[in-house]
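Before any comments, here is the structure.
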Amino acid sequence: MATVGIIGAGHIGSTLARGLVDRGYDVVISNSRGPETLEGLVADLGPRARAATPAEAAAAGDWAIVTVPLRAIDAVPVEPLAGKIVVDTNNYYWERDGRIAQLEEKTTTTSEMLQERLPASTVVKGFNHIMSGQILTDGTPAGTEGRRALATASDSTVGVEFITRLYDEFGYDTVSTGALAESWRVERDQPAYVVRQSADELEANLARAER
């Protein structure tokens, strides 16, 4: 099974780490404060998990998850993530991140910003519009009536295919918005944000989004 490098150990990062370990993945998780601050989390996750620096986690992963506040995007390691799929969970919260002119002017998206930071990586939006506490509880087997769906976006069909498989492992259907430039449709204050919805309902909510 693959090793996943996780950059960011907040609610989403630690929840995805648990979900991945439970599904047989090895996890190398990091935060900005140092591996020693993650000893309790790693002990809870068990032998498939270890703590590291962000650069070490990025290098160790066959693929990676970046789940840091947007204000910390410039600290995401670049070189160790080259050639890898990177799942981006981020959203823009100006109250936390400060005002970012490009996002205020709606000339880019958070995922495009990460792709610009990681030009040799394949960035794919994932797990950004579900509450962290629901990630491991709302999933159901494929074919379940009304199965919850999650959205994604990527400039690469490989990225979309990857996250579709990963979502299915966690118990969710997938709806793609298309390119990263369309990922605003599933971010904060849009109809699809943090609501339970089937694939049909998600498609409708994405279509209703207004920028």
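With n ≥ 4 as the cut-off for DSSP H runs, can you work out [θ] at 222 nm for the chain, using -39500 (n - 2.57) per run divided by the number of residues, rounded to the nearest 500? Walk me through the intermediate numbers first.
Numbers: 8 runs with 66 residues, N = 211.
About -8500 deg cm²/dmol.
Place a label point 7 angstrom from the Cα of M1 along the Cα-to-Cβ direction, then list the residues of the range 149-163 whose backbone nitrogen is under 19 Å away.
162-163
Please give the residues of the range 183-211, grouped as numeric ranges, whose backbone N is less than 19 Å from a label point set 7 Å along the Cα-to-Cβ vector of T140.
194-205
Tell me the GluC sites (Glu not before Pro) within the range 64-130 that lie in a loop according to DSSP and have at most 14 other beta-carbon atoms within 10 Å. Write down the numbers at each step before the final one.
Details: sites: E95, E104, E105, E112, E116; in loops: E105.
Here the sparse-neighbourhood loop sites are E105.
What is the spin-label model distance, in nm, from A101 to A82 if the labels are put 7 Å beyond Cα along the C-beta direction?
Label-label distance for A101 and A82, simple model: 3.0 nm.
Could you list the GluC sites (Glu not before Pro) in the range 1-93 that lie in coil according to DSSP, counting only those with at most 13 other Cβ atoms within 10 Å of their Cβ?
On the way: sites: E36, E39, E56; in loops: none.
Answer by residue number: there is no such site.
Over the chain, with a Gaussian network built from C-alpha contacts below 10 Å, which listed residue (A72, A59, A51) shows the highest mean-square fluctuation?
The residue with the greatest mean-square fluctuation here is A72.
Express in % the proportion of alpha carbon pairs of the range 1-48 at distances exceeding 16 Å. Don't skip to the end; give the middle numbers.
Values: 291 of 1128 pairs.
Result for the distance tail: 26 percent.
What do you get for GluC sites (Glu not before Pro) in the range 166-211 restricted to DSSP loop and a cutoff of at most 11 other Cβ within 10 Å of the site's Cβ? Display every interim value, and only then the final one.
Working: sites: E169, E182, E187, E201, E203, E210; in loops: E187, E210.
Those that pass, being in a loop and sparsely packed, are E210.
How long are the semi-axes of the equivalent ellipsoid of the range 35-146, defined as square roots of 5 times the Cα gyration tensor eigenvalues? Whole Å, largest first. Walk me through the numbers on the way to the answer.
On the way: eigenvalues 117, 90, 49 Å².
Listed largest to smallest, the semi-axes of the range 35-146 are 24, 21, 16 Å.
Determine the gain in length on full extension of the stretch R23-D44; use 0.36 nm per residue of separation and subtract their C-alpha separation, reporting nm with one decimal.
Working: separation 21, 0.36 × 21 = 7.56 nm, distance 1.53 nm.
Roughly 6.0 nm would be gained on extension.
How many percent of the alpha carbon pairs in the chain exceed a separation of 26 Å? Display every interim value, and only then the final one.
Working: 6541 of 22155 pairs.
The share of Cα pairs beyond 26 Å in the chain comes to 30 percent.
Here, each number is a calculation from the coordinates, and none is a lab measurement. No experiment lies behind these values; they were computed from the predicted model shown. When we count neighbours, we look across all protein chains shown, and the Cβ atoms used for this are built from the backbone with ideal geometry, even at glycine.
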